[in-house]
1. Cβ-Cβ under 6 Å, sequence separation 6+ or interchain: first residue in segment 32-55 and in contact (Cβ under 8 Å) with a residue 24 or more places away in the chain, partner of a type in the set (A, V, I, L, M) and not in a strand (DSSP E or B). Which pairs?
2. May I ask you to verify whether Thr80 is at pLDDT 95 or above and farther than 21 Å from Ala132 by Cβ?
3. Do we have Ala160 as farther than 17 Å from Thr186 by Cα and either among the small types (Gly, Ala, Ser) or surrounded by 15 or more Cβ atoms within 10 Å (Cβ to Cβ) (or both) here?
4. Looking at Leu168, Leu110, Leu115, can you tell me which residue is closer than 24 Å to Ser48 by Cβ, touching a residue at least 12 places away in the same chain (Cβ under 8 Å) and surrounded by 19 or more Cβ atoms within 10 Å (Cβ to Cβ)?
5. Report whether or not Ser59 is modelled with pLDDT under 95 and either under 18 Å from the mean Cα position of the chain (by Cα) or assigned to a strand (DSSP E or B) (or both).
6. Suppose we keep only residues that are among the charged types (D, E, K, R) and outside any strand (DSSP E or B) within segment 1-42. Which one would you say is nearest to the chain's Cα centre (by Cα)?
7. Just give me the residues in segment 29-43 being aliphatic (A, V, I, L, M) and touching a Phe, Trp or Tyr at 6+ places or on another chain (Cβ under 6 Å), in sequence order.
Amino acid sequence: MIDINDLRVNKNGRTICSVSELQIAPGERVAIRGPNGSGKTTLLRVLSRLEVNYQGTCSVDASWRDCVYVHQSPYLFRGTVLFNVTYGLCERGKNRAECKQLALSWLRRLGVENLSETRVTHLSGGELRRVALARAMILRPRLLLLDEPLADMDADGGAAVCAALDELKESTILVASPTTLPNGLTSRDYQFFADGSN
């Protein structure tokens, strides 16, 4: 699914991300771990094709439509939670009634179904993050990139996210985090260091 060799991203004369070698198989779950500023987010941006100025090679066996990136400060559209979660499926031509049922199902998994008609401006940080995750998971992408998905969440919210991710059996999932992740969320770690190297 992913094959990286000698990847280096430089900004203002400084290397902000360096990956000598990384291969990730289809369906694998990998924790991208390291302190703040070590290059985790930059790697996710390269994989999602948002960052194109790099040296080395990065091959991703998924089209841009099959790749979903949830930023550490996710952006939601104006309107309700339900509108946000159904948006991607509706844009892909799915029946609106089916989209609504699927959206409610994913919101239920993540413990926020009761917020379906709430406007996103009234959500807490943890609620906003769970809605953004539901909007991503409903698409069942081949590649799911998550930047600190458990930030701002209590224990129940984190457990709900882990259980929901476990249902995406066919998705390759990379989770960036500065701390150790719950057992079972990922199958192996890829470690960054403070100087942006690995």
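The values are calculated or read from the model by the stated rules, or taken from the named source; none is laboratory data. The structure presented is a predicted model; accordingly, all values stated were derived computationally and were not measured. Every residue, glycine as well, gets a Cβ built from its backbone with ideal geometry; the counts of neighbours run over all protein chains shown.
1. If the second residue must be of a type in the set (A, V, I, L, M) and not in a strand (DSSP E or B), the pairs left are Pro35/Ala194; Ser38/Ala194; Tyr54/Val46.
2. Taking the combined requirement at face value, the residue does not satisfy it.
3. So Ala160 does not fit the description; no.
4. The conditions single out Leu110.
5. no
6. Ranking the candidates gives Lys40 first.
7. Matches in segment 29-43: Val30, Ile32.
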